[in-house]
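For reference, the structure discussed in these notes is given below.
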């Protein structure tokens, strides 16, 4: 992105340095909260740790301006630091790194004559992606030692560098895709990027922190969270409930098949959902209850499986293909420009289109080399990453267009799609084993990097940040963040023990990753035909919803609402209630107050988010200092 006023586009060196320091602090903060207390900062978007860090920087800026009239950080600096923290946060936490760390040493430590793992897949695991020496990994699982031992560091340094390199190449490739699609989504389709509303307003609106409506919203929620925090410290103090679980009261058939139903009282979700279009927020909770109804109907009819996850997988593929179809004219012009047959204005892009193509090819070549050397067949690599990028583009599109604060894609990932499409018999042990190590990159996609990258490009436009500076900030954050995250998790594992004091998901994710692999290798089958039909059904349903929305303005159901809520787990499973409450409030405001009232209420709902985030972040730090579990800290599932 270019701008005549170069001063407005500069990111200072001190901002990059401080950003990298905060990247290291934040990835460790996320790691220790995720694994020591299972408190998940990267569950809801935008991430609470990134917003909290931004508020601290804004407060420091304000104090220095009042005392010395010195501006420490410009708007561009603040946005660059926020982007760096957000990007690095997608690496740490239960979304990616927990699952990756769960696979690295698990197959060697838990191999036994009963599960036959040594005979089944040890031969497919290259030594440079993990550590197999039981003397080295013993401390990893039992704890009570330190990773900062020369023997441990020498054993782990190659896997750290290898996985950091793969993460860097994957993020770089998605940054190139974000650059290519920016014009279509931002200028041609004018998508609104709702998740960027809070950080952009905090950085660019000087009157935001003077808004009475914002402070009213902040005060209401902060009071509730502070009371709950003190209840954690002094149980005699009464607390406000975090929510109410409904399904334990449904014990009679067929209602007991309804599944997990948590009625969350999460004010941050209420605030964030306010910026979603009404049809999407309605579709989210509508399709959530539709799937609950399907479960009850299935129990009545005696159906064995509804193939909800397979249907949702087909629906996500449909979202991506419909996105590409909507942008077909832009993509055609882009291709003609790249081969020199047509010229497109690139002045607003973070990188030239030819540069984006070359960098994508370079980064993807690095990904292919990693996977090929690890043992995957070339065709399997191409198919795996085809599905990976399909999901990435679909997630980026849903976030850019509609801004759902939560999207969990459990059991919807390239590995599962590959198994359904080709079957374990055709994939064979080498491909299945390497894909198991890659499972963590799409285990649940709650904090997938693609939406954050797409939003980062948009936020950089808002403050006129130079494209070269954005690329520099992102690449440095990913490079440092990947190594710092792997180092943090190893340090925590050797100190507390994955199978000892850590309460997070590392130990569970190891079994979740390798138990299916064992089953596939012991009982190899072909294509899962019913699953393929279900995926086709999900794809067809999304196309139907798309056609209805384009043909009939009154049609209330959105395809993205279905993919967010139609799976057996994830989507709206934790937050359907605050989404429904926010939808109802926004409907009433628009109906009786109009657009003007809706705009005036924006600071109040932003205050709800900050009032939720700040106390939780503070109590998270308190819990680490006191070394005690505090349910009010962080952003757990029930919060």
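The alpha carbon centroids of the range 339-398 and the range 563-619 are separated by 35 Å.
Legend: calculated FRET efficiency, residue 544 to residue 138, from the Cβ-Cβ distance at R0 = 56 Å, rounded to 0.05, equals 0.55.
Taking each DSSP H run with n ≥ 4 as -39500 (n - 2.57) and averaging over every residue of the chain yields -22000 deg cm²/dmol at 222 nm.
Can you give me the relative contact order of the chain as a percent, contacts being Cα pairs under 8 Å and 6 or more apart? It comes to 34 percent, rounded to a whole number.
The simple Förster model, with R0 at 51 Å and r as the Cβ-Cβ distance, assigns residue 599 and residue 255 a FRET efficiency of 0.75.
Sorting 212-218, 193-199 by average packing, meaning the other beta carbons within 10 Å per residue, from highest down gives 193-199, 212-218. The alpha carbons of the range 61-181 occupy a box of 69, 42, 23 Å along the principal axes, longest dimension given first. Using all pairs of distinct alpha-carbon atoms, the Kirkwood hydrodynamic radius of the range 374-478 works out to 15.4 angstrom. Please state the shape class of the range 426-492: rounded when a/c is under 1.5, otherwise prolate if a/b exceeds b/c and oblate if not, all from the C-alpha gyration tensor. Prolate.
Note down the relative contact order for the range 520-639 as a percent, whole number, built from C-alpha pairs under 8 angstrom at least six residues apart.
Relative contact order of the range 520-639: 11 percent.
Considering every alpha-carbon pair of the range 367-432, the percent of pairs per 10 Å bin, from zero through the bin containing the longest distance, is 19, 44, 26, 11.
Would you mind estimating how fast the range 491-616 diffuses translationally, via Stokes-Einstein at 37 °C and 0.692 mPa s with the Kirkwood radius over Cα pairs, in µm²/s? Translational D for this selection: 164 µm²/s. To the nearest 0.05, how large is the calculated FRET efficiency for residue 588 and residue 555 if R₀ is 22 Å and r is the Cβ-Cβ distance? Rounded to the nearest 0.05, the efficiency is 0.50. When a/c reaches 1.5 or more, the comparison of a/b and b/c decides; with that in mind, is the range 244-308 rounded, prolate or oblate per its Cα gyration tensor? Oblate, since a/c reaches 1.5 and b/c is not below a/b.
When peptides 376-386, 21-31, 465-475, 423-433 are sorted by average Cβ neighbour count within 10 Å, with the highest value leading, the order is 21-31, 465-475, 423-433, 376-386. Cα-based values for the range 575-629, radius of gyration first and Dmax second, are 16.3, 49 Å. Taking the Kirkwood radius as Rh and the Cα radius of gyration as Rg, the range 255-404 has a ratio of Rg/Rh equal to 1.08. Of the peptides 237-243, 357-363, the order by per-residue mean of other Cβ atoms within 10 Å, starting with the highest, comes out as 357-363, 237-243.
Computed log10 I(q)/I(0) for the chain at 0.07, 0.08 Å⁻¹: -0.43, -0.58, from the Debye equation with unit scatterers placed on every C-alpha and solvent omitted. Per-residue extension of 0.36 nm, minus the Cα-Cα distance of residue 233 and residue 14, leaves a gain of 75.0 nm for this segment.
Based on a Kirkwood Rh over C-alpha pairs, give the Stokes-Einstein translational diffusion coefficient of the range 419-564 at 37 °C and viscosity 0.692 mPa s in µm²/s.
The diffusion coefficient I find is 165 µm²/s.
Each reported figure results from applying straightforward, stated rules to the coordinates on display, with no laboratory input. Treat the numbers as computed from the prediction; the structure is a model and nothing was measured. All Cβ positions, even for glycine, are placed from backbone atoms using ideal geometry, and neighbour counts span all protein chains on display.
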